[in-house]
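Scroll down for the structure; my scribbles are underneath it.
The values are calculated or read from the model by the stated rules, or taken from the named source; none is laboratory data. Being a predicted model, the structure only gives us computed values, none of them experimental. For neighbour counting, all protein chains shown are included, and Cβ atoms are generated from backbone atoms with ideal geometry for every residue, glycine included. Accessible surface areas use protein heavy atoms only, side chains included; no ligands, DNA or RNA. Shrake-Rupley method; radii C 1.70, N 1.55, O 1.52, S 1.80 Å.
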Amino acid sequence: MENNDYQGWKNYATWRVALEFFDGYEIQKDEPQDVYDMSKYLKELVESAIDESGQEGISNSYAHAFISDVDFYQIAGHVLDMNKEMNS
């Protein structure tokens, strides 16, 4: 059974990343189409955004610590489902 404790998401971090990074995200043809690979891909996108933000030191560390709580598998499932709905 899935644990959805915050706005239908596993936790606050998952909800926040899903909302701020992937709300309305449209999958491109060259991007993964299965949940596992998509979850890894989305995590890499967020990590890249953090690292490319120019922040160093403690703020970068806090950002990475925050996303360690994110359930990217849940986000990936949601993104794939939403894209299926939009394309059908």
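So is G8 open to solvent by less than 90 Å² (accessible area, probe 1.4 Å), free of Cβ contacts under 8 Å to residues at least 60 places away in the same chain and at positive phi or not? It is true that G8 is open to solvent by less than 90 Å² (accessible area, probe 1.4 Å), free of Cβ contacts under 8 Å to residues at least 60 places away in the same chain and at positive phi. Taking the range 25-60 as the range and being open to solvent by 60 Å² or more (accessible area, probe 1.4 Å), in a loop (DSSP other than H, G, I, E, B) and either closer than 30 Å to S88 by Cα or in contact (Cβ under 8 Å) with a residue 40 or more places away in the chain (or both) as the test, the residues that pass are E26, Q28, K29, D30, Q33, D34.
Looking across the range 61-75 at every residue that is open to solvent by 90 Å² or more (accessible area, probe 1.4 Å) and assigned to a helix (DSSP H, G or I), the one that is nearest to V17 (Cα to Cα) is identified as Y73.
The C-beta contact set for the range 66-88 (first residue hydroxyl-bearing (S, T, Y), second residue in a helix (DSSP H, G or I) and surrounded by 19 or more Cβ atoms within 10 Å (Cβ to Cβ), distance under 9 angstrom, 6+ apart or interchain) comprises Y73/M38; Y73/S39. So is N60 within 22 Å of P32 (Cβ to Cβ) and either in contact with a helix residue (DSSP H, G or I) (Cβ under 7 Å, 6 or more places away or on another chain) or not acidic (D, E) (or both) or not? The answer is no for N60.
What do you reckon, is M86 buried (at least 17 other Cβ atoms within 10 Å of the Cβ) and either out of contact with any Gly (no Cβ under 7 Å at 6 or more places or on another chain) or among the β-branched types (V, I, T) (or both)? Against the criterion (buried (at least 17 other Cβ atoms within 10 Å of the Cβ) and either out of contact with any Gly (no Cβ under 7 Å at 6 or more places or on another chain) or among the β-branched types (V, I, T) (or both)), M86 does not qualify. If you filter the range 11-24 down to residues that are out of contact with any helix residue (DSSP H, G or I) (no Cβ under 7 Å at 6 or more places or on another chain) and within 11 Å of Q74 (Cα to Cα), you find that the one that is most open to solvent (accessible area, probe 1.4 Å) is W15.
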